[in-house]
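Student: Quick one: the structure is below, questions incoming.
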Amino acid sequence: MADSQVASSEERKQMTLGIDIGSVSSRAYLFSHTANLRMPVWNPSRDQNRMEHPKFEKGDFSSKCYPFDEGPPYLGQTTVPDGERLSTSLKYAPYVLVQCSDDILEQYMTAGLLKAHQHNLAFEQKLLMALLDLFQTIVYRVRALCKNKMDVTEVVMTVPAQWTLEFEDLYAKLVSSFFSFGPSHVFFCTETEALANFLLRCCPEELEEFGDYHIYLFLDFGGHNMNGCGFEVRRQSEGNGTFCRINEPFGAGGGSEEWEERVANLCGAHFKTTYEREITPKQRQAYQDNFSRVKGRFGPELCTDPTILHIQENGDSMAITIPKHEIDQAWEDAHSRVLALAADHIDKFTNRPGACVILSGGTSRHATVHSRITELCTKAGIPGPFSTDGMVSGPYSTVNIAQGAAYAVGQRVTVEEFFSRGAAIGIQMKQGGGENEEGLWDDTARFVMGVGLESEPEIKIVDQGDELQLVCDPYRSQDDGTSDLSYLNCYVLLPLEKISKGRYKFTCKLEDNSLVLTRWKTVKLRKGKRQVTRIDKRYTYPVYFAPGANCVLIGEPGKTLTEVQIKGIRRMG
């Protein structure tokens, strides 16, 4: 929206700022639901034409930093000739700054340069300065757009699904330091949640062109990791759609950038064999950039010829040849983790009615990645994969993930509003007897609570292996009354603790942003044969609305479920 349109209002508008930090570049987006304002934060840097990275899009903010020498650690859009200063991505900075566990760091070969500098306080300070400079560059442009007519009152940042809360704490502290609010006004959603929010809010007609599907498994194959999650869409008669996340987001490191890194290592080995000397950082980067431009032609199931890479040095062409089997093995090593994770989650959607797989991200465009996912979908009986390529166009199409994050937080509802629009709670059972060898959950869940409705379902536990879980149907029709919930319409809120054999009744109420679940047990009195039903246990589960998921979850924002205190657990009789 043009600045002149914004200036027509004398009231300062409250804006949500979405920020998406990528491994090559970063994007930002301003949004106000109440004022109906939408504005990409375009980077107008005059040095834009100096950005030499082949994957850098005009309008983005550079994520490249230089913490390995005494020079400035962040140069914005200005670059130096490859090899003169060793660089890395600020996407990887938190891996060092939060002292993350080895099981996370080992997923990112592309962050290997940083791993060698862990626990180096001087190096960490440079990384921190560079990350702050990136945020400052974005915020400076945001303020130029807002002028005196808009105020940023909250920020939402995208993060990989596998990041722990320490990463979020770091981002929240740094970003909030540029505004008048504290870290509690910085929200987070996973990268794929943000993408799903953008597509489901802005491109529903384009998604419908894939077919009559209402369950989407989104798989976003980025350069350095893959993230995914499933969403269900309910379409009403007038054509409008509502949606929510139906499984936990997931992610792992790996992708085309790791493949490039592995090929660069191969270049070093073959350069030494060919020219009988060690490769320099500048030469290594030049070979890697050369491969990055042509890598789409290579990999398993593709070109059968060896890979020949050329660089120019002092007017001479210096070529190295890498055998196909080495290029292919580097590809397999770089993609094995993310493809295995994708296979696991595609398998969970096997033959699920109305489900399909949606692919996005630069790595997904590689022919071998697409063919491998196609094979997995065929095996699981799931249509797809369908690509998001071409769904978004315009001068700044890379901003869609930041845009989706801003939409998710800027249009969030309260817990009460979530339930008032039709959500219902049920209890689903998995029978532990020998007849359920596959360990399947029941197709229905017993209704316990909905809009203006309550029920007291009786559930009989006949085997010590019987299990119960709390589920939610987010868009249940009031016409369904207290009838059982279909598992196809539900997502899991929380597994319930195992209980002894017997007959139980359950009640559930929403009180002060908490679900109060009471369990009643039918018991025989010691004297006489009369049976009575009395309270066995009562649980108070705090709940909150998760913007990225677009639904209510058990717990509290910024805490793991194990850190949340389940209040008032007590035996009543």
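Student: According to the square roots a ≥ b ≥ c of the eigenvalues of the Cα gyration tensor, what is the shape class of region 170-209, taking rounded for a/c under 1.5, prolate for a/b larger than b/c otherwise, and oblate for the remainder?
Tutor: Prolate.
Student: Sticking with this structure for a sec: Please give the length that would be gained between K379 and K430 if that part of the chain were fully extended, namely 0.36 nm times their separation in residues minus their C-alpha to C-alpha distance (nm, one decimal).
Tutor: Here the segment from K379 to K430 would lengthen by 15.7 nm.
Student: For the chain, what proportion of DSSP beta bridges, expressed in % and rounded to the nearest 5, is antiparallel?
Tutor: The answer is about 80 percent antiparallel.
Student: Then there is this: How large, in percent, is the carbon and sulfur part of the accessible surface of the chain at a probe radius of 1.4 Å?
Tutor: Summing carbon and sulfur atoms, their accessible area is 47 percent of the total for the chain.
Student: A follow-up question, please. Looking at I427, L440, Q411, which one has the Cα that reaches farthest to the positive end of the dipole of region 407-473 (charges on Cβ: Lys, Arg +1; Asp, Glu -1)?
Tutor: The residue sitting most towards the positive pole is Q411.
Student: Using a 1.4 angstrom probe on the protein heavy atoms only, line up R337, R293 by accessible area, largest first. Before the final figure, lay out each step's value.
Tutor: Working: R337 95, R293 155 Å².
I get R293, R337, largest accessible area first.
Student: What is the gain in length, in nm to one decimal, between E437 and L453 on full extension, counting 0.36 nm per residue of separation less the C-alpha to C-alpha distance?
Tutor: Taking 0.36 nm per residue and subtracting the Cα distance, the gain is 2.2 nm.
Student: Summing +1 for each Lys or Arg and -1 for each Asp or Glu, what net charge is found among the other residues whose Cβ lies under 9 Å from the Cβ of I215? Numbers along the way, then the final one.
Tutor: Working: positive: R352; negative: E232.
Once positives and negatives cancel, what remains is 0.
Student: Report the Cα-based extents of the chain along its three principal axes, largest first, to the nearest Å.
Tutor: Between the extreme Cα coordinates on each principal axis of the chain lie 101, 63, 50 Å.
Student: Would you mind computing, in nm to one decimal, how far apart the modelled labels at N513 and D347 are, each placed 7 Å from Cα along Cα→Cβ?
Tutor: Placing both labels 7 Å beyond Cα along the Cβ direction yields 4.0 nm.
Student: While we're looking at this one, here's another question. Rolling a 1.4 angstrom probe over the protein chains, ignoring ligands and nucleic acids, what is the accessible area of E417 in square angstrom, nearest 10?
Tutor: Result for E417: roughly 90 Å² accessible.
Student: Roughly what % of DSSP beta bridges within region 103-233 run antiparallel, to the nearest 5?
Tutor: The answer is about 60 percent antiparallel.
Student: Can you tell which of L170, F187, L132 lies farthest toward the positive end of the dipole of region 122-190, using +1 and -1 charges on the Cβ of basic and acidic side chains (Lys, Arg; Asp, Glu)?
Tutor: L132
Student: Taking 0.36 nm per residue of separation and subtracting the Cα-Cα distance, what length does fully extending Y140 through T280 add?
Tutor: Stretched fully, the Y140-T280 segment lengthens by 46.7 nm.
Student: Per-residue HN-Hα couplings for region 347-361, Karplus 6.51 cos²θ - 1.76 cosθ + 1.60 at θ = phi - 60°, whole Hz, x for Gly and Pro?
Tutor: Those phi angles translate into 4, 5, 9, 3, 6, 6, x, x, 9, 8, 10, 10, 9, 8, x Hz.
Student: So, taking all protein chains as they sit and a 1.4 Å probe, how much accessible area belongs to I311, in Å² rounded to tens?
Tutor: 10
Student: Separate question: As a test of the definition: which semi-axes, in Å, follow for region 247-368 when you take the square root of five times each eigenvalue of its alpha carbon gyration tensor? Largest first, please.
Tutor: Rounded to whole Å, the semi-axes are 35, 13, 12.
Student: If you don't mind, another one. Output ³J(HN,Hα) for region 514-522: one whole-Hz value per residue in order, computed from phi by the Karplus curve 6.51 cos²θ - 1.76 cosθ + 1.60 with θ = phi - 60°, and x for Gly and Pro.
Tutor: Computed from phi, the couplings for region 514-522 are 9, 9, 9, 9, 10, 10, 10, 10, 8 Hz.
Student: Also, I was wondering about something else. Roughly what would the spin-label model give for E205 and E106, points 7 Å off Cα along C-beta, in nm?
Tutor: 5.0
Student: Could you state the angle between the C-alpha long axis of helix 165-176 and the longest principal axis of the C-alpha atoms of the chain, as a value from 0 to 90 degrees rounded to the nearest 10?
Tutor: Taking the Cα atoms of the chain, the angle to 165-176 is about 70 degrees.
Student: Compute, for region 57-208, the length of the dipole vector about the Cα centre, with Cβ point charges of +1 (Lys, Arg) and -1 (Asp, Glu) only. Units Debye, rounded to 20.
Tutor: Using only the charged Cβ atoms, the result is roughly 680 debye.
Student: Would you list R245, R38 from the most to the least accessible area, probe 1.4 Å?
Tutor: Of R245, R38, the descending order of accessible area is R38, R245.
Student: Report, in degrees rounded to the nearest 10, the 0 to 90 angle that the Cα long axis of helix 191-202 makes with the longest principal axis of the chain.
Tutor: Approximately 80 degrees, to the nearest 10.
Student: From the Cα gyration tensor of region 140-291, with a ≥ b ≥ c the square roots of its eigenvalues, which class applies: rounded if a/c is under 1.5, or else prolate if a/b is larger than b/c, or else oblate? Display every interim value, and only then the final one.
Tutor: Values: a/c = 2.51, a/b = 1.47, b/c = 1.71.
The shape class here is oblate.
Student: Ok, one more. Could you sort S101, S177 by accessible area so the largest value comes first, with the probe set to 1.4 Å?
Tutor: Ranked from most to least accessible, the order is S177, S101.
Student: Which FRET efficiency, nearest 0.05, do I308 and D333 yield, Cβ-Cβ r, R0 25 Å?
Tutor: 0.70
Student: May I pose another question? Enter the accessible area per residue of the chain (Å², integer; probe 1.4 Å; all protein chains in place).
Tutor: It amounts to 46 Å² per residue over the chain.
Student: With a point put 7 Å past each Cα toward its Cβ, work out how far T533 is from T444 in nm, to one decimal.
Tutor: That separation, rounded to one decimal, is 1.8 nm.
Student: Treat every Asp and Glu Cβ in the chain as -1 and every Lys and Arg Cβ as +1, leave all other atoms uncharged, and give the resulting dipole magnitude about the Cα centre to the nearest 20 debye.
Tutor: Here the size comes out at about 2180 debye.
Student: How tilted is helix 281-294 with respect to the longest principal axis of the chain? Cα atoms for both, answer in degrees (0 to 90, nearest 10).
Tutor: 60
Student: Picking from C303, A402, A367, whose Cα lies most toward the positive end of the charge dipole for the chain (charges on Cβ: Lys, Arg +1; Asp, Glu -1)?
Tutor: Comparing the listed Cα positions along the dipole, A402 ranks first.
The values are calculated or read from the model by the stated rules, or taken from the named source; none is laboratory data. Everything quoted here is computed from the prediction, not taken from an experiment. Every residue, glycine as well, gets a Cβ built from its backbone with ideal geometry; the counts of neighbours run over all protein chains shown. Protein only, heavy atoms only, side chains kept; ligands, DNA and RNA dropped before computing areas. Shrake-Rupley method; radii C 1.70, N 1.55, O 1.52, S 1.80 Å.
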